[in-house]
């Protein structure tokens, strides 16, 4: 089941809300857990077994580790075994393509959540969760189960036991959910259609059309993924959870370092906390720091998939992050903000070509279309139609990436006088999304494939 | 038995079940719980459109440049009328490595169909532009139709 489906919006969600708020508070975790299992089983009736086994495994690991509190060697053995099983499962389903296993939805996300729990437990940052219900809810809570954000146990530990929902927090959750729904349904799907149209003719694309296609994907993946995150965080708020921000206007970044402080924050935080820092981070000299960055970004790349293009994509960013850190930082600081911004956007745009291409060679072929004039010339009929036919969409999409859009929304949300007008605006947004959904084709979220 | 060993035992039991689960999935081929013929039959039964006809055996080669013998199964339906862009293609790959070639052939076919119809039948060209391509594991599905949305859902539900 996806958030942007009529079944979710008009059947699943109302039933869950009714049960959650009408039953006594002590039932709330059970309601959310049952809803989450149903939500996952709707799309993955077989792989629900895998998820349940995974969460049971990590629950028992947690309890065992706590029981062996006074035995560091046993705890270490326990941690290593847990790492092997969790990463082994991920490897089998994600990277052993010769087995022809389809990818269980959300496995990368819930496995990383489980790992954060086990590692933090080993380090001693947290205590083991004794309630199986609370632990199961942490692993498979439906708002963030299948496409993040990756929630660390330490961040929701208290909320799993005790949380409150006020009318204001519920309302703010609804608004954020609607913003996310709008990003996905009205913007991501529309720019995605432009991207599909252009790449459907990948055999020969005019230079400018290739640029339009790459920009369309750049916008699609942002609205698709950040839209999902907004919906997840918004849903969390409606149930009393506070999840951390996952996107912070990434396309306003002025450097690549800045971009990665704003894009998929929960994933970069995870790699920083559980890979980069344990490897020594920047504490063991420059050569080691460079190696650590290469390892982390190589892993970030292949977290997205087994293809060489993903590995290259990760290392591509490692290269720029290393360059910025050791070479470009002083130079970039002297540049006007606009130039720095254009630099960051260009690097990110080229990065997305590696990301959306099916193979490394496909990526280079597409880049060749962007940077050289081929058989189709500099521009063709498709350039004009994809830009001018969708002019309103482009304006709306670019505006929605800016700080101006964020400020406007914040101002609207804070409006006390005539708040009803703001509510009507959100209602209009909702109806526009529904109208679009009714006529929409099958269109899952891009990040489901990870 | 103290608690420590109880949880250790439970952990190993769950690990064993996980291993069995993975093995069963790998052996049974999770992504193809249904065979090509089962999916094709479901599609045939529910796409009994008068405007589509099952293509001749050589048509996959002629239209897409693909050899049907290379794949586990192929279902190709083309428009009865030469004035229509309607088309449905369902292929079960033998191996996922065949996917890029099939996708490229589909894109090529769409580009050709689009350029053919662009001049004199813009509504048909639009259908080509709105074609749905769905890939699920080794199953590849293409549909060019005014009813593409429903046919796509039908395909997904038949998996």
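Averaging the sequence gap over all C-alpha pairs within less than 8 Å and six or more residues apart, then dividing by the number of residues, gives chain B a relative contact order of 22 percent. Projected over all directions and averaged, the alpha-carbon convex hull of the protein assembly as shown occupies 30.3 nm².
Peptide B:104-114 has a mean of 3 when you count, residue by residue, the C-beta atoms of other protein chains within 10 Å of its C-beta. When each of A:251, A:389 is scored by the number of other beta-carbon atoms lying within 10 Å, the sequence from fewest to most is A:389, A:251. Classify region A:169-449 from the C-alpha gyration tensor, please: rounded if a/c falls under 1.5, else prolate or oblate depending on whether a/b exceeds b/c. Taking the square roots of the gyration eigenvalues as a ≥ b ≥ c, region A:169-449 is oblate. Rounded, prolate or oblate for chain B? Axes are the square roots of the Cα gyration tensor eigenvalues, ordered a ≥ b ≥ c, and the cut-off for rounded is a/c under 1.5. Since a/c reaches 1.5 and a/b is larger than b/c, the shape of chain B is classed as prolate. For region A:201-328, just say rounded, prolate or oblate: build the C-alpha gyration tensor, square-root its eigenvalues into a ≥ b ≥ c, call rounded for a/c under 1.5, and beyond that prolate if a/b exceeds b/c, oblate if not. In terms of gyration-tensor shape, oblate.
Cβ crowding within 10 Å ranks A:401, A:140 as A:401, A:140, fewest other Cβ atoms first. Measuring nothing but how far apart in sequence close Cα pairs (under 8 Å, 6+ apart) lie, relative to its length, chain A scores a relative contact order of 18 percent. Comparing mean-square fluctuations of A:103, A:345, A:332 from a GNM of chain A with C-alpha springs under 10 Å, the top value falls on A:332. For chain A, set up a Gaussian network in which alpha carbons nearer than 10 Å are linked by springs, and say which option among A:385, A:36, A:369 fluctuates the most. Of A:385, A:36, A:369, the most mobile in the Gaussian network model is A:385. Pairing the Cα long axis of helix B:3-28 with the longest principal axis of chain B, what angle in degrees results, from 0 to 90 and rounded to the nearest 10? That helix lies at roughly 30 degrees to the long axis. The mean count of C-beta atoms from other chains within 10 Å of the C-beta of residues in B:88-101, rounded to a whole number, is 1. Result for chain A in a Gaussian network model with C-alpha springs under 10 Å: among A:246, A:162, A:189, the largest mean-square fluctuation is at A:162. In whole angstrom, note down how far apart the Cα centers of region A:379-415 and region A:231-280 are. When both Cα centres are located, 24 Å separates them.
Dimensions of region A:6-163 based on its C-alpha atoms, expressed as ranges along the principal axes with the largest first, amount to 51, 43, 21 Å.
Here the contact order of region A:6-163, divided by its residue count and restricted to Cα pairs under 8 Å and six or more residues apart, works out to 29 percent. By other beta-carbon atoms within 10 Å, ranking A:94, A:414 with the fewest at the front produces A:414, A:94.
A helix-only calculation puts the protein assembly as shown at -20500 deg cm²/dmol for mean residue ellipticity at 222 nm, using -39500 (n - 2.57) for each DSSP H run of at least four residues, averaged over all residues.
Only the coordinates and a few stated rules stand behind these numbers; no lab work does. The structure presented is a predicted model; accordingly, all values stated were derived computationally and were not measured. We place every Cβ from the backbone using ideal geometry, glycine too, and count neighbours over all the protein chains shown.
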